[in-house]
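**Q** Structure below; questions to follow.
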Amino acid sequence: MIIKFILNIALIISGIYVFYRLQYHFRKGVKNPLLFQSLMMTVLAVLSLMVPLHIGDVTLSLYYIPIILLFLHNKIPYKILSIVIVFLFYHFLFQYDLIQFVIFLVLMVLYQLIVPFIKTPKTSIIILSSGLFTVVYLILLYIFVTPINDKTLIAFFLSSLCATIFILLVYEDINRTFNFFIDKEKYKYYDRLTKLGNVKMFDRFIDKLFKEEENVSILLIDIDNFKFFNDINGYDSGDELIKQIARLLKNHLPTGGEMFRSTGEEFSMVIPNLSFDQTVRLGEAIRYTVEHTKFHIDDTHVVNMTVSIGIGYKSTQTMLKKDVIRQADNMLFAAKKQGQNRIMFAPVG
């Protein structure tokens with residue numbers, strides 16, 4: 001029995017790894033992660049049915065461990081679908097005892113009705129519920145199916161609980177690792193706080209526009225006195241202010257343009273096919289709106305902020321990206337130096 005226990009654990013863990021590896025490889029094609037997870041746990045349950053554990057006159061399986069994980073992490077329609085599929089394999093292909101599955105199904109219904117309302121960390125819930133599930137399951141088998149001696153019951157209970165804890169820890173570890181790499185790749189070109197493109201995305205977008213468009217506007221927008229604001233109000237308030245200003249700026253973004261978060265308090269707008277005069281008017285509209293907006297840093301406090309804006313403008317096909325960016329950066333520096341809350345630009349022509 002010990003060998004089959006180990007084989008069950010190995011099957012479930014290797015299955016979890018394979019499914020997560022497939023999901024990472026095909027992540028752009030996985031439109032419904034919950035359905036994918038349901039498929040994973042269903043397959044793992046069926047694999048566990050292929051390696052039964054014989055205890056006296058009773059044939060048991062650890063298929064309920066993936067189902068418990070599924071019931072804790074997924075939605076009811078997918079839980080029902082998974083149970084139906086597992087039942088089809090359980091009864092019609094492997095021809096296990098139907099009474100055992102009825103007992104299992106009743107316990108899973110109770111699990112679904114009770115566990116979601118327990119305010120306990122998920123790891124603790126799975127461990128406790130799995131232990132309780134196994135105890136009740138074995139007692140009901142003893143009553144309704146066939147007597148099982150005490151030593152066998154205790155051995156199966158301890159082995160099952162250890163298997164559940166080990167599988168859970170591996171599952172959570174693989175899940176964290178998977179999400180870490182997904183986030184790392186996702187935010188390679190995006191800012192976590194505002195979900196705007198970062199400096200790398202900024203460079204890629206500008207390269208594209210400079211090849212395709214004759215006129216390109218670059219606005220560098222910097223929040224005035226942001227470091228002082230952070231020191232007084234704290235970094236959480238600073239993050240909230242950044243998000244609110246980002247939303248405000250996006251409302252001013254013309255069609256075809258993109259906005260980026262360049263540094264902590266600096267944003268960039270890159271816009272194609274906008275005349276120089278329109279670019280200046282856009283900069284002034286942004287400056288004016290920020291100045292006259294009240295930003296909520298918590299439930300009771302609001303603040304007024306201002307921004308300084310530097311404009312760079314590509315007016316001919318021969319102008320280089322680095323020159324236009326340097327122009328915008330120099331204009332932003334000049335706006336800061338001359339008192340903040342203003343826009344600066346170099347005349348065109």
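The values are calculated or read from the model by the stated rules, or taken from the named source; none is laboratory data. Note that the structure is a prediction, hence the values are computed from the model and not measured. Positions of Cβ are generated from backbone atoms using ideal geometry, with glycine treated the same way; all protein chains shown enter the neighbour counts. Calculation scope for accessible area: heavy atoms of the full protein, side chains included, ligands and nucleic acids excluded. Shrake-Rupley method; radii C 1.70, N 1.55, O 1.52, S 1.80 Å.
**Q** For the range 302-319, name all the residues that are touching a residue at least 60 places away in the same chain (Cβ under 8 Å) and open to solvent by 70 Å² or more (accessible area, probe 1.4 Å).
**A** Scanning the range 302-319 gives a single hit, 317.
**Q** All but one of (1) at pLDDT 95 or above; (2) open to solvent by 60 Å² or more (accessible area, probe 1.4 Å) hold for residue 341; state the number of the condition that does not hold.
**A** Residue 341 satisfies all of (1) at pLDDT 95 or above; (2) open to solvent by 60 Å² or more (accessible area, probe 1.4 Å) except (2).
**Q** Turning to a different aspect of this structure: Just to be sure I understand the filter: pairs with C-beta atoms under 7 Å, separated by 6 or more residues or on different chains, first member in the range 1-24 and touching a residue at least 60 places away in the same chain (Cβ under 8 Å), second member among the hydroxyl-bearing types (Ser, Thr, Tyr) and in a helix (DSSP H, G or I). Which pairs pass?
**A** Partner pairs satisfying both residue conditions: 5/159; 8/48; 12/48; 16/171.
**Q** Spot the failing condition for residue 38; the list is (1) within 19 Å of residue 18 (Cα to Cα); (2) open to solvent by 10 Å² or more (accessible area, probe 1.4 Å), and only one is missed.
**A** (2)
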